[in-house]
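**Q** Sending over a structure as structure tokens; questions will come in a sec.
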Amino acid sequence: MKRCPRCNREFVDEIDFCFDDGTPLLSNASTQETVVLPTSPAMPDYAPAAAHQTTAQKPPYAILGIIFVLTIAAVGFGVAYFVSSQEKEIASPNKASNTTSPQDEDKKKLDEEKSRLDADNTRLAEERKRLDAERQKVEKQKQASGSLPPSTTAWTVDPPTNIRATPNGAIRCVISTPSMITIINTPSIPSKTGAWYRTTACGGSDVVHSNQVSFR
């Protein structure tokens, strides 16, 4: 410690002049007794220079205050940076979920194309089923119908020859003499005793049994 020889005020070792009167300080180790100089109304010649040097130095508590303020500012900046980083991390998943990458776009296009192909395959399969059903229907009709008549004309045999509206149905007319009649070129109607051919002998689309006509 250092002491002012004029006012006996103590200062730390880093201070060289008294803050009150500008007197050069003395170390406590260099003197055993304090000499109190008489107070003079006039300052010595060296006082202004000492005061000028004293004011040029910064006291320790001012430095501590600056350090404290800088520390508070650094802590505040660190807290603000941490909060900002957390907000960015929270916002990042939402941003990533709203952003579609090129790979996702390609996958979406492939899925749409696959769905379209599946729909086309389903439609083709249904069309194939429909055609198969139509084909089976035609085959059944062919099996239910007989063959075509050998000719478009035939002679009645063993009169009287009955011309009926339907197989074994009502008689439309009777041909009593051997005559040539017109046979319609359509599949015959099979029966257990032969076949029925369509004819216009009575003026309409009627049928005659194969036992009553002869193709010659």
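The values are calculated or read from the model by the stated rules, or taken from the named source; none is laboratory data. Since we're looking at a predicted model, the values are computed, not measured. Backbone-built Cβ (ideal geometry, glycine too); neighbour counts: all protein chains shown. Accessible surface is based on the protein model in full, side chains and every heavy atom, while ligands, DNA and RNA are left aside. Shrake-Rupley method; radii C 1.70, N 1.55, O 1.52, S 1.80 Å.
**Q** Pick from 91, 51, 74: which is at negative phi, open to solvent by less than 80 Å² (accessible area, probe 1.4 Å) and modelled with pLDDT of 65 or more?
**A** Details: 91 fails: modelled with pLDDT of 65 or more; 51 fails: modelled with pLDDT of 65 or more.
So the residue among 91, 51, 74 that is at negative phi, open to solvent by less than 80 Å² (accessible area, probe 1.4 Å) and modelled with pLDDT of 65 or more is 74.
**Q** Does residue 203 satisfy being surrounded by 12 or more Cβ atoms within 10 Å (Cβ to Cβ), at positive phi and not hydroxyl-bearing (Ser, Thr, Tyr)?
**A** Numbers: surrounded by 12 or more Cβ atoms within 10 Å (Cβ to Cβ): no; at positive phi: yes; not hydroxyl-bearing (Ser, Thr, Tyr): yes.
Answer is no for this residue.
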